[in-house]
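Enquirer: Handing you a structure now.
The values are calculated or read from the model by the stated rules, or taken from the named source; none is laboratory data. On a predicted model such as this, the values are computed, not experimentally measured, just so you know. In this analysis, Cβ positions are derived from the backbone assuming ideal geometry, glycine residues included, and neighbour counts consider all displayed protein chains. Side chains are part of the model used for accessible areas, which takes the heavy atoms of the whole protein and leaves out ligands, DNA and RNA. Shrake-Rupley method; radii C 1.70, N 1.55, O 1.52, S 1.80 Å.
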Amino acid sequence: MLRNRKKSSYYGVEVVKKLDSFPKVNKDEYVERSSIGGIVSVVTFIIIFWIIIYEIKYYYGSNVNFKFAPDTQFDAKLKLNLDVTVAMPCHSIGADIVDSTNQNLLMFGNLEEEDTWFEMSEEQRSHFEDIRHFNSYLREEYHAINQLLWKSAHSFQPTGNSGFPQRHDSPDQEPDACRIHGSLVLNKIAGNLHITAGKSFQLPDGHIHLPAFILPSSYNFSHRIHHFSFGDSSAGIINPLDGDEKITDELTAVFQYFVEVVPTDVETFLSKANTYQYSVKDHMRIINHEKGSHGVPGIFFKYDVSALKVIVTQSREPLLKFFIRLSSTVAGVFITAGTI
């Protein structure tokens, strides 16, 4: 009897285990497989993969922000980088700079003078034309590509004076031009850089240029600006005067460039710099004392420093917001595909 009771108890447990109020359905009976469904699945995964890649690129793309602030760095110095070729021999012209405190070139450094020929070699001409066309494109399309320029780590200005190729041939004539290049560390105030006939001589109250033994008939202030910038190189900075060329047959021409220098603090993910950018207006006139047009023939860069500075920063959305948007987008695509 005890054995039978034990057996019957086990038998009852087995019966209870087999009881199931929910009928089981074979998976193969309600899942219908088709080629269309497979194609939809493949397309869905491709779309999801593309969305993930796009969202990651958008997250790392970030935004560039600009804001203005008063420039309080009154004691800072202003670095000027210059590379100009003038169609007159070096012994006939002189370069000098005077700021509003009446300090001159002797206080700021030295510019190198190099005898050369105004007519460039094929390699030099090709290099100069590339700079001119490229800089012209950047200025014209700046509003469309400025975000890309600031995000990049590439600077569009040459390093030092090594950007311009050297001449390998020597024409059968004496050098008829002078290349003036170098860097000056200036006071951060208004000033006037000028290239005129004759060397500069300092006086107690200023300086003068003495064009001794230089006939006015030999004047020719046609020039090329290979490079003109302020501060150190930085991504996003465009120098409007790079690649500028002025050719004239007038002996008494005056070329004036009015430059507005804007301090610029760059704080992007790939670069950080305290530099300067500038805008410029130029004017050329002919000196004719009989018609009331007075002055001195030459090339004049009159610059002034803005009281406001531009702060360029780069920002991107929070990481949590990125994951939420990505998850909701992927889930929406997956659910939509499941209803097809």
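Enquirer: Rounded to whole Hz and in sequence order, give me ³J(HN,Hα) for the range 91-99 from the Karplus expression 6.51 cos²θ - 1.76 cosθ + 1.60, θ = phi - 60°, writing x for Gly and Pro.
Expert: Running phi through 6.51 cos²θ - 1.76 cosθ + 1.60 with θ = phi - 60° gives 6, 9, 10, x, 10, 8, 9, 9, 9 Hz.
Enquirer: Shape call for the range 108-151 from the C-alpha gyration tensor, a ≥ b ≥ c root eigenvalues: rounded (a/c under 1.5), prolate (a/b greater than b/c) or oblate?
Expert: Here the range 108-151 falls in the oblate category.
Enquirer: Modelling each spin label as a point 7 Å along the Cα-to-Cβ direction, I'd like the LYS302/PHE74 distance in nm, to one decimal.
Expert: Label at LYS302, label at PHE74, 2.5 nm between them.
Enquirer: Is the range 56-118 rounded, prolate or oblate when judged by the Cα gyration tensor, a ≥ b ≥ c being the square roots of its eigenvalues, rounded requiring a/c under 1.5 and prolate requiring a/b larger than b/c?
Expert: Numbers: a/c = 4.41, a/b = 1.72, b/c = 2.56.
Judged from the Cα gyration tensor, the range 56-118 comes out oblate (a/c at least 1.5, b/c at or above a/b).
Enquirer: Between the range 273-314 and the range 86-148, how many Å separate their Cα centres?
Expert: When both Cα centres are located, 14 Å separates them.
Enquirer: Give me Rg/Rg_expected for the range 238-301, where Rg uses Cα atoms only and Rg_expected = 2.2 N^0.38 Å with N residues.
Expert: The value comes to 1.61.
Enquirer: If you plug each phi of the range 48-60 into the Karplus form 6.51 cos²θ - 1.76 cosθ + 1.60 with θ = phi - 60°, what whole-Hz ³J(HN,Hα) values come out, in order, with x for Gly and Pro?
Expert: 4, 4, 5, 5, 4, 4, 5, 5, 5, 5, 5, 5, 6
Enquirer: Then there's this: Assign one of three labels to the range 233-340, namely rounded, prolate or oblate, based on the Cα gyration tensor with a ≥ b ≥ c the square roots of its eigenvalues; rounded applies when a/c is under 1.5, prolate when it is not and a/b is larger than b/c, and oblate otherwise. Could the numbers behind the result be given before it?
Expert: Details: a/c = 5.27, a/b = 3.13, b/c = 1.68.
Taking the square roots of the gyration eigenvalues as a ≥ b ≥ c, the range 233-340 is prolate.
Enquirer: Suppose the chain between ILE46 and ASP115 were pulled fully straight at 0.36 nm per residue; how much longer would it get relative to their current alpha carbon spacing?
Expert: 18.4 nm
Enquirer: Can I ask one more? Give me the one-decimal nm value for the distance between modelled label points at ILE56 and GLU267, 7 Å along each residue's Cα-to-Cβ direction.
Expert: Using points 7 Å along Cα→Cβ, the separation is 3.0 nm.
Enquirer: Points 7 angstrom from Cα along the Cβ direction at SER328 and ILE286: gap in nanometres?
Expert: Distance between label points: 6.9 nm.
Enquirer: Same structure, new question: Using a 1.4 Å probe, what is the accessible area per residue for the range 269-336, in Å²? Write out the running numbers ahead of the final one.
Expert: Numbers: 4240 Å² over 68 residues.
Value for the range 269-336: 62 Å² per residue.
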